[in-house]
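The values are calculated or read from the model by the stated rules, or taken from the named source; none is laboratory data. Because the structure is a prediction, the values reported are computed rather than measured. A quick note on method: Cβ atoms are made from the backbone with ideal geometry, for glycine too, and the neighbour counts reach across all protein chains shown.
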Amino acid sequence: MPASAFCLAAKAVRVSARSVERASKVFAHGAPELVAAVETGALRLKLAEALASLPGPQQCAAVERAAGTGRTRTGKAARVMVAARSTATGAFGSP
């Protein structure tokens, strides 16, 4: 993905281009449960990016462990995932 697409998406949702890049990796390689955990704020994006390289069952186990903490941070995470989806669909340049 061209860096300019990450920059445009990031600017649109008021986050860093690096956050959009991380979210794109989670969106592309993460299990649906991992993506949902980031969107709901149950899991931080940086951790989710690292977990996305693991096999699906290990990702799901990590999400289940994180769900037990009760912590949520939804505002920024939801915006970042929207930007990642936009870059994946080509809204901010070709994927």
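Residues being small (G, A, S), loosely packed, with under 14 Cβ neighbours inside 10 Å and modelled with pLDDT under 90 are entirely absent from the range 34-45.
Could you list, in sequence order, all residues of the range 9-33 that are over 9 Å from A83 (Cβ atoms), touching a Phe, Trp or Tyr at 6+ places or on another chain (Cβ under 7 Å) and buried (at least 18 other Cβ atoms within 10 Å of the Cβ)? Answer for the range 9-33, where residues must be over 9 Å from A83 (Cβ atoms), touching a Phe, Trp or Tyr at 6+ places or on another chain (Cβ under 7 Å) and buried (at least 18 other Cβ atoms within 10 Å of the Cβ): just E21.
Selection of the range 48-82 for residues being surrounded by fewer than 16 Cβ atoms within 10 Å (Cβ to Cβ), modelled with pLDDT of 85 or more and hydrophobic (A, V, I, L, M, F, W, C) yields A50, A61. Among (1) part of a helix (DSSP H, G or I); (2) of a type in the set (S, T, N, Q); (3) modelled with pLDDT of 90 or more, where does S4 come up short? With respect to (1) part of a helix (DSSP H, G or I); (2) of a type in the set (S, T, N, Q); (3) modelled with pLDDT of 90 or more, S4 is out only on (3).
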